[in-house]
Amino acid sequence: MVDLRNAAAIVGIHEHVTRYAPDKSELQIQGESVIKALEDAGLTKNDVEGLFTASSSIRNSGLNLADYLNMYPKYVDNTTVGGGSFEFHLSHALTAIAAGRINCAVITYSSLARSGGVSVGTGGVGRYGHPRLDPSPDSFEEIYGLTTVGLYAMIAQRHMHLFGTTSEQLAEVAVATRKHASMNPEALFRTPITVADVVNARVISSPLHLLDCCVITDGGGAVVVASPEVARNCRQTPVWVLGAGEAVAHQGAGQRDLIYIAAKQSHQPAFEMAGVTHKDIDMAMIYDSFTITVVETLEDLGFCEKGEGGQFVSGGRIQIGGELPINTDGGGLSSNHPGMRGIFLLLEATRQLRHQFEGTPRQVPNCRLALCHGTGGALGSRHSGGTVILGRD
Amino acid sequence: MPEWNKPLPSIVGETRPYWESCRRGELVIQRCDSCHEYQFYPRGICANCWSNDIKWVKASGKGTVWTYTVTYQNRTQGFAQDVPYVLALVELAEGVKMFTNIVECNPQDVKIGLPVEVTFVQANNQVTVPYFKPSA
């Protein structure tokens, strides 16, 4: 394979920090984010050749977005594989830039999930917004009252059964991310919580409690990706894309064991491409739709053995100052989760690698290598997994 | 018959024999004559070897709970007033897993590994839905 290491860099970022934006359109949030991310990079509209976006609605597809921005990109990618779509976008942008088809791309996302009153987790089939079930797989699933929370809860239940994982261990993930959120002025929830707070919260879908579930917010953001030639002239320290891997996991026609998630397949190509090992990683952004998502992802990425995720997340190991700090912005569990969250993993990893928080408790000391893993869809039925490894010179 | 207010399946050619069997009170699944693998959900092709030598076979209707969740919140019409209910993946004796609800029992009595058997509920004149209940 062509060596893709350092073939592209994240040169500009912007997080639209709103958590509630009832008077904005999704396209406006994306437009404002793209403009600010280009400013951050020191680039202009004319530099952008590739446009990457994902949405569960056609309203902000690449076509409508190009129209809104009055852009004529020569490379458009609308890959939509759930919340982790943006790790796939970065992987694809890397390939397009390395192949010489484009020199600069923007990845952007926005959602009004909160002000739109979308019941992302417990809306059942209503979350898709269309009344008629598809003949398959919906017609064999949605008739039984699936919810997004339920599909993750089923895997949590199986994990507890097989490995003895406890609700208290899952709660450690929520406690750690809330601690990080307390350092993020933009986070939705900033008041520290305890393990007892999590396990005493009401059960949404057993064994998951309210505080095992991510928040629902509005919001968005943008990432500018560029070739080494463009990156050298940008304003910010380049954050190099060192490795990328993609995978899907599903029921395998009824025969697959979904206790193993897509991260098991996607991490290996990413590590091989980057030429680094797990112990080299200084911090990780792990998609945290639910606490169980983090436990399963850390296991299947190979940071610990299968079944040991519950112990791994305990004792402060995943907090800043611990062995592997994760989700230092407060994650989806406490900071923001506008329907899909994958882009925010890239934003926070970039901030940490830029040492943007130097001199404050939020900075991961000497942060040189970060891993982002986006999970989209649902652990219990079908999902995608995108792993990217980022680094600074 | 009370009006069915839960979502109903959309039925097309490749899945029609499944739903017609359910109307007769019989659970059928597919097995490939080329690679001999069972599959679920039903398809117009064999998902394993991609042949079209698929045959409908009567399932035993027995299985075990592979995993489950007791759902306390679902805003979808038809389920909102049903909480708490048990959403489960049941592993059939033939080895394939399917989504279902575990009915005719207290949700708290459902455990992983619980032996279950199929039971049918008529939704309307066109559709009958298979559920599972603890084995007698």
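The values are calculated or read from the model by the stated rules, or taken from the named source; none is laboratory data. Here the structure is a predicted model, which means the values were calculated and not measured. Quick reminder, even Gly has a Cβ in these numbers, built from the backbone with ideal geometry, and neighbours come from all protein chains shown. Just the protein is used for accessible areas: all its heavy atoms, side chains included, with ligands, DNA and RNA removed. Shrake-Rupley method; radii C 1.70, N 1.55, O 1.52, S 1.80 Å.
Could you tell me how many of the residues in region A:293-342 are of a type outside the set (Asp, Glu) and more than 16 Å from the chain's Cα centre (by Cα)? Lay out the reasoning, then the answer.
Quick first cut of region A:293-342, residues of a type outside the set (Asp, Glu) only: A:293-295, A:297-298, A:301-304, A:306-307, A:309-322, A:324-328, A:330-342.
From what is left, the residues that are more than 16 Å from the chain's Cα centre (by Cα) are A:302-304, A:306-307, A:309-322, A:324.
Within region A:293-342, residues that are of a type outside the set (Asp, Glu) and more than 16 Å from the chain's Cα centre (by Cα) number 20.
Could you tell me whether A:SER91 is open to solvent by less than 10 Å² (accessible area, probe 1.4 Å) and within 21 Å of A:ALA37 (Cα to Cα)?
Judged against the criteria, A:SER91 is not a match.
Give the residues of region A:363-393 that are open to solvent by 20 Å² or more (accessible area, probe 1.4 Å), closer than 15 Å to A:LEU151 by Cβ and over 14 Å from the mean Cα position of the chain (by Cα), sorted by residue number.
Applying the first criterion (open to solvent by 20 Å² or more (accessible area, probe 1.4 Å)) to region A:363-393 yields A:365-366, A:368-369, A:377, A:382, A:392-393.
Adding the requirement that they be closer than 15 Å to A:LEU151 by Cβ leaves A:377, A:382.
Correct list: A:ARG382 only.
Just to be sure I understand, how many residues within region A:306-318 are surrounded by 20 or more Cβ atoms within 10 Å (Cβ to Cβ) and in contact with a Ser or Thr (Cβ under 9 Å, 6 or more places away or on another chain)?
Within region A:306-318, residues that are surrounded by 20 or more Cβ atoms within 10 Å (Cβ to Cβ) and in contact with a Ser or Thr (Cβ under 9 Å, 6 or more places away or on another chain) number 4.
Any residue at all in region B:72-80 that's polar (S, T, N, Q), over 22 Å from A:HIS250 (Cβ atoms) and under 16 Å from the mean Cα position of the chain (by Cα)?
no
Looking only at region B:24-47, decide whether some residue is open to solvent by 40 Å² or more (accessible area, probe 1.4 Å), at pLDDT below 95, in a loop (DSSP other than H, G, I, E, B) and more than 9 Å from chain A (Cβ to nearest Cβ).
No, every residue in region B:24-47 fails to be open to solvent by 40 Å² or more (accessible area, probe 1.4 Å), at pLDDT below 95, in a loop (DSSP other than H, G, I, E, B) and more than 9 Å from chain A (Cβ to nearest Cβ).
Give the residue, chosen from B:TYR131, B:TYR72, that is open to solvent by 20 Å² or more (accessible area, probe 1.4 Å) and among the hydroxyl-bearing types (Ser, Thr, Tyr).
The unique qualifying residue is B:TYR72.
So how many residues does region B:50-87 have that are facing another protein chain (nearest Cβ under 10 Å) and among the aliphatic types (A, V, I, L, M)?
6
Given the structure, is B:ASP109 charged (D, E, K, R), more than 8 Å from every other protein chain (Cβ to nearest Cβ) and farther than 18 Å from A:LEU208 by Cβ?
Considered against the rule, which asks whether it is charged (D, E, K, R), more than 8 Å from every other protein chain (Cβ to nearest Cβ) and farther than 18 Å from A:LEU208 by Cβ, B:ASP109 comes out as yes.
Residues B:VAL90, B:VAL116: which one is within 17 Å of the chain's Cα centre (by Cα), open to solvent by less than 10 Å² (accessible area, probe 1.4 Å), free of Cβ contacts under 8 Å to residues at least 60 places away in the same chain and more than 11 Å from chain A (Cβ to nearest Cβ)? Even if it seems obvious, please write down each step before you answer.
Working: B:VAL90 fails: more than 11 Å from chain A (Cβ to nearest Cβ).
On inspection, the qualifying residue turns out to be B:VAL116.
Out of A:LEU353, A:LEU301, A:LEU345, A:LEU324, I need the residue that is open to solvent by less than 10 Å² (accessible area, probe 1.4 Å), modelled with pLDDT of 95 or more and under 13 Å from A:GLY83 (Cα atoms). Which one?
A:LEU345
Test A:ASP280 against the criterion of being crowded, with 24+ Cβ neighbours inside 10 Å and in contact with a Leu (Cβ under 6 Å, 6 or more places away or on another chain), and give yes or no.
Judged against the criteria, A:ASP280 is not a match.
Filter region B:9-23 down to the residues that are more than 7 Å from chain A (Cβ to nearest Cβ) and part of a loop (DSSP other than H, G, I, E, B), then identify the one that is most open to solvent (accessible area, probe 1.4 Å).
B:GLU14
Between A:GLY376, A:GLY359, which is out of contact with any Phe, Trp or Tyr (no Cβ under 6 Å at 6 or more places or on another chain) and assigned to a loop (DSSP other than H, G, I, E, B)?
None of the other options fit; the residue is A:GLY359.
For region A:220-256, give me each residue that is in contact with a Lys or Arg (Cβ under 8 Å, 6 or more places away or on another chain), within 30 Å of B:ILE54 (Cβ to Cβ) and in a loop (DSSP other than H, G, I, E, B).
Passing the criteria: A:HIS250, A:GLN251, A:ALA253, A:GLY254, A:GLN255.
Does at least one position in region A:39-58 carry a residue that is under 20 Å from the mean Cα position of the chain (by Cα) and surrounded by fewer than 21 Cβ atoms within 10 Å (Cβ to Cβ)?
Within region A:39-58, one or more residues are under 20 Å from the mean Cα position of the chain (by Cα) and surrounded by fewer than 21 Cβ atoms within 10 Å (Cβ to Cβ).
Helices (runs of 4 or more DSSP H) wholly in region A:117-215 with at least 1 residues that are open to solvent by 40 Å² or more (accessible area, probe 1.4 Å) and either acidic (Asp, Glu) or in contact with a Pro (Cβ under 6 Å, 6 or more places away or on another chain) (or both) - which ones?
In region A:117-215, A:167-181, A:195-200 are the helices (runs of 4 or more DSSP H) which contain 1 or more residues that are open to solvent by 40 Å² or more (accessible area, probe 1.4 Å) and either acidic (Asp, Glu) or in contact with a Pro (Cβ under 6 Å, 6 or more places away or on another chain) (or both).
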